[in-house]
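The values are calculated or read from the model by the stated rules, or taken from the named source; none is laboratory data. Computed from a predicted model, the values in this text were never measured in an experiment. All Cβ positions, even for glycine, are placed from backbone atoms using ideal geometry, and neighbour counts span all protein chains on display.
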Amino acid sequence: MELLKDYDYEILYHPGKANKVADALSRKSTLYIADMMSREWKLLHEISNSEFKVEIDVLASILTTLRIESKLVQKIKTLQQSDPEISKIRNESCQKSYANKRRRPLEFAVGDHIFLKVSPIRGILRFRMKGKLSPRYIELFEILERVGEMAYRVTLPPKLSNIHDVFHVSMLRKYQSNPKHVIDYETVEVAERTKYVEKPVRIMDQKEQVLRNRVIPLVKVLWQHHDMEEATWELEETMKQQYHHLFE
């Protein structure tokens, strides 16, 4: 203002876009605005006394939406929360979603054949079996009778006579017979004195074992009915005397 006091000037007012709303309202009569507010408050009062629920969602700075909904829906939802039958149905549906779809029936009949489960805890000795690679189930037994709701009596061989013959269903697994299941077998030769006869198949390798005073020749022999990993080292002289055809 210190710079303008030495000059002759005048201030002119030019209405722009920023003043359009104010200019429009200034041209409205006070009576019209009062009448508009009176009618709106009357409408809101009637809605508040009715059995309807009113929600106004602001979509923009100017536009609004009006939604009218019956209070009956909200009352039904509130009563459903305390209804015992609905709560039971909801809980059953929730439990069904967590059910184990791979569960098997734990019920057997007299005469069924079952496998007996070994202890799943490592280091526990049960049925004379212990170790990391011990089998989960042993042998095949027959159900003799049902004892109570969750136990069965089974036939046990003489070697397990010191074990009680009643077991819980969790320790039993049903045997599913399959007539098409054929086990591969090999003919085993048995001598007159009922001894298992092993025959060498071929010589796999040779080496010399050096001792302090002498050298012993050895041969690696693959035996019949055995894998290559089960081949053994034998004295070459003994093998030549008994199985000379292997060295031809």
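Within the stretch 228-241, the set of residues being over 16 Å from residue 204 (Cβ atoms) and surrounded by 10 or more Cβ atoms within 10 Å (Cβ to Cβ) comprises 237, 238. Modelled with pLDDT of 85 or more and in a strand (DSSP E or B): does that describe residue 220? For residue 220, the condition - modelled with pLDDT of 85 or more and in a strand (DSSP E or B) - is met. Note on the stretch 155-172: among residues that are of a type in the set (Ser, Thr, Tyr) and more than 35 Å from the chain's Cα centre (by Cα), the one that is surrounded by the most Cβ atoms within 10 Å (Cβ to Cβ) is 155.
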